[in-house]
Amino acid sequence: MDTIFALATARGRAGVAVIRISGPHALSAAESLCGTLPPPRRASLRRLTSGGALIDEAIVIVFEAGQSFTGEPVVELQVHGSPAVVRAITEALGRHVGLRMAEPGEFTRRAMEHGRIDLTQVEGLADLLSAETEAQRLQAQRVLAGALGRLAEAWRRRLIRAAALIEATIDFAEDDVPADVVPEVATGLRDLAAELRSEIDGYGVAERIRDGFEVAIVGRPNVGKSTLVNALAGRDAALTSPHAGTTRDVIEVRLELSGLAVTVLDTAGLRDTEDAVERLGVSRARDRAAAADLRVLLVEPGDMPCEPVPQEHDIVVVSKGDLHGEVADSVSGLTGDGLDTLVARIGRVLSQRTVGAATVTRTRHRNALERAEQAVQRALEELSARRHMELAAEEVRTALRALDALVGRTDVEHILDEVFQSFCIGK
């Protein structure tokens, strides 16, 4: 396998830049720059030279094979974060025989290939690198720490036991084997199917934490929706005007509320209109409001929303609170009065919905668990009918293959390139 190297920190000027080298020639390549290497995992200052000329002074750290992130011999060079310094070092490394620049995500891919992490942890790392909110960070850290892999391994052990018991009745029916293992196997598989279903059902919430919730601001024309959205965003994200019908399309503003990623939707005012363009905007507003995770319905004092009809978790707020004095549940996008209270209410509602979040965070995870659960259910049907034990055993093996695909043991070559495309070079 080639020895690879890359800048592991962001490009551009910085106080420190980290250059990572991994592979069988990592130590010899580093020695060509700094002479003797420090003992493994002990940071030490070295002078980096090329062709007898000083390039920089660097902190050098060596990791032995099996003790590094990739599982290979690794050297990290912490140098001054000058683009010229980084360029000089990478050019010197590029002249070393057997070295080449790393491809996007190649360090992480090698970590998976050497068994340091499984595929779900790779995806957790990708999510951690792109996390924008505290909830996303915590969710990604849980997956990166191996939570989903541990679940899959526990399920896998139970499936292996079930398969062993079923196959024992097939292969050794006349020997000293328990007369009837079906009740034990069926109980175990039913419990497993319930656990798989629970994870599958919690996927929607986990996906929302990862991708973000949608909150639609809904109301009649000129009720103050765009002004409220601008106040939430802290900038002029939406055009405001005293003329009704200014907003014709759905405007999206990405925010962080209560540690959650939230996209606030400013929608067209709901009314009947002869204007074809506005009518299209109203139609889109109704569709997006119906699909949103939460709706904030803005009304005038003493008014009640008639469209959309308020649902259990909708938040009804009196708009333009600065014009109406002391009115309960009012908010003013212009002055900010009541804004903190509204944000807190939105945060509470959405936070309550995250309680049932599953460990699975991607469609691929859910699909793998669905295949496993369906196979377990088919195995239970065969066991219940006491028909073909061979078919029951095969269905259990099908469930095992689905879990193996989940963690990257089998059937994942076709998705690896897609996964690693999200990584930067040097990670």
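The values are calculated or read from the model by the stated rules, or taken from the named source; none is laboratory data. Every value quoted in this text rests on a predicted model; they were computed, and no experiment measured them. Positions of Cβ are backbone-derived with ideal geometry, glycine not excepted, and every protein chain shown enters the neighbour counts.
Against the test of being of a type in the set (Val, Ile, Thr), touching a Lys or Arg at 6+ places or on another chain (Cβ under 9 Å) and at pLDDT below 95, the options 36, 9, 49 yield a single qualifying residue, 36.
Among helices (runs of 4 or more DSSP H) entirely within segment 336-427, having at least 3 residues that are modelled with pLDDT of 85 or more singles out 339-353, 363-385, 389-407. Reported count of residues in segment 285-298, each being modelled with pLDDT under 85 and of a type in the set (Val, Ile, Thr), is 0. For residue 48, the conditions (1) surrounded by 15 or more Cβ atoms within 10 Å (Cβ to Cβ); (2) touching a Ser or Thr at 6+ places or on another chain (Cβ under 8 Å) all hold with the exception of (2).
Selection within segment 299-331: residues that are in a loop (DSSP other than H, G, I, E, B) and in contact with a His (Cβ under 9 Å, 6 or more places away or on another chain). The member of this set that is modelled with the lowest pLDDT is 301.
Against the criterion of being closer than 19 Å to residue 289 by Cα, touching a Gly at 6+ places or on another chain (Cβ under 9 Å) and modelled with pLDDT of 85 or more, residue 262 qualifies. From the list 72, 76, the one residue that fits, being assigned by TED's automatic domain parsing to the domain that holds residue 29, surrounded by 19 or more Cβ atoms within 10 Å (Cβ to Cβ), of a type in the set (D, E, K, R) and under 30 Å from residue 404 (Cα atoms), is 72.
Suppose we filter segment 12-33 for residues that are among the basic types (Lys, Arg) and at pLDDT below 95; how many remain? Number satisfying all stated conditions: 1. Look at residue 59 and say whether it is surrounded by fewer than 20 Cβ atoms within 10 Å (Cβ to Cβ), modelled with pLDDT of 95 or more and either assigned to a strand (DSSP E or B) or under 33 Å from the mean Cα position of the chain (by Cα) (or both). Spelling it out, residue 59 is indeed surrounded by fewer than 20 Cβ atoms within 10 Å (Cβ to Cβ), modelled with pLDDT of 95 or more and either assigned to a strand (DSSP E or B) or under 33 Å from the mean Cα position of the chain (by Cα) (or both).
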